[in-house]
Ligand code: COA
């Protein structure tokens, strides 16, 4: 048997949560096209859809919104821990540590029943934004803000980050960014979560592992590097030479290419539109225009399309989100997908334990230590 490097094209299990068609560039959550969800849904609706497998009616939607609102605050001990940790540490390290700490204050932590897992999924989804915005405020020398129960998930997120009630376009942009990143089939972090779950470990352990997997630059860490690149380019007129320079040095241009999509990433166009709209509203199209030029050069020179991370960088930047908070924000969206996959794996579990194609030595004679070189 020959191993597929990076498990490329390997079907590693069944799922009814999300499907990615890399040839046609189509993405569906539970049967619904991502274009419709990006146009019409809210993040809370998408969370319901991914967890329960159907769109909520009004009563179900209201109930989930209430549950999310009720679970936003962190246990006092966890908030204290946030103050005790070094404020300038890598935010993904802080997020991973604090999510792990949440487990020891959660009475459901060791309960793998479907009801307990759903309660934990709601708590994690409600609390991760509180962790992220508290990290940002503490390191800026300010006190974390109390969550505002009147605001939606996306609006409260921006409010607790910046301290002002956000406008409609910003809330919509935030909602769409959260919706688009909520799930993506067996991506590296979700697969990590499923592997951990398959040992009958618990949801917190699975999510902590998934956060670690997401942090890498080949996965969720790409969006931060995209923004640093756009800042480095500085002006659309410099974009072509800059990108060609990277390609000549055989470097990867962050935010391009995808393991599954061989055509346009269906999420990118929504973020591209929002990047332009936010730029127009702020009277500054600079980030949009640089991005557009980089996109054009990459397609022409390498035949590579941009992925979800590319335009999400300028969108988040224009929403006032600090660059090193882009990947934590990705986690605050993907938490819904991770927890949906944990529940799906638990419901029909078998230990995930693949084989390796052994390429090492065999039949070596034993050499006593004193005779070894
Ligand atoms: N910039 C330049 N070249 C790229 C590239 C990029 N972003 N992504 C892929 N390529 C090139 C590779 O150099 C390789 O070319 P070669 O065959 O001439 O060596 C070819 O495309 C295939 O790349 P490979 O690394 O085998 O693809 P993969 O499926 O293993 O990797 C990614 C997929 C996403 C990891 C990869 O495209 C990448 O590193 N992208 C940048 C990081 C990123 O945006 N990650 C977020 C993903 S949503």
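Data for the structure
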| quantity | calculated |
| --- | --- |
| Cα extents of region 1-108 along the three principal axes, largest first (Å) | 48, 48, 27 |
| Relative contact order [Cα under 8 Å, 6+ residues apart], the chain, whole percent | 23 percent |
| Ratio of Rg to Rh over region 222-318 (Cα coordinates, Kirkwood Rh, two decimals) | 0.94 |
| Order of 208, 294 under a 10 Å beta carbon neighbour criterion, fewest first | 208, 294 |
| For region 304-373, radius of gyration divided by Kirkwood radius, i.e. Rg to Rh on alpha-carbons | 1.33 |
| Overall form of region 53-161 per C-alpha gyration tensor (a/c, 1.5; a/b vs b/c) | oblate |
| Shape call, the chain: gyration tensor on alpha carbons, a/c limit 1.5 | rounded |
| Value at 222 nm in deg cm²/dmol, rounded to 500, when DSSP H runs of n ≥ 4 in the chain each add -39,500 (n - 2.57) | -18500 deg cm²/dmol |
| Alpha-carbon spread of region 114-263, three principal axes, descending order, Å | 53, 43, 30 |
| Fewest-first ranking of 65, 273, using other Cβ atoms within 10 Å as the exposure measure | 273, 65 |
| Extension reserve of the residue 351-residue 281 stretch, reckoned as 0.36 nm per residue once the Cα distance is removed | 20.1 nm |
| Over region 135-227, relative contact order from alpha-carbon pairs under 8 Å, at least 6 apart, % | 15 percent |
| Fewest-first ranking of 323, 290, using other Cβ atoms within 10 Å as the exposure measure | 323, 290 |
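We did not get these values from a lab; they are worked out from the coordinates using the rules stated. Everything quoted here is computed from the prediction, not taken from an experiment. Please note: Cβ atoms are built from the backbone with ideal geometry, for glycine as well, and neighbour counts cover all protein chains shown.
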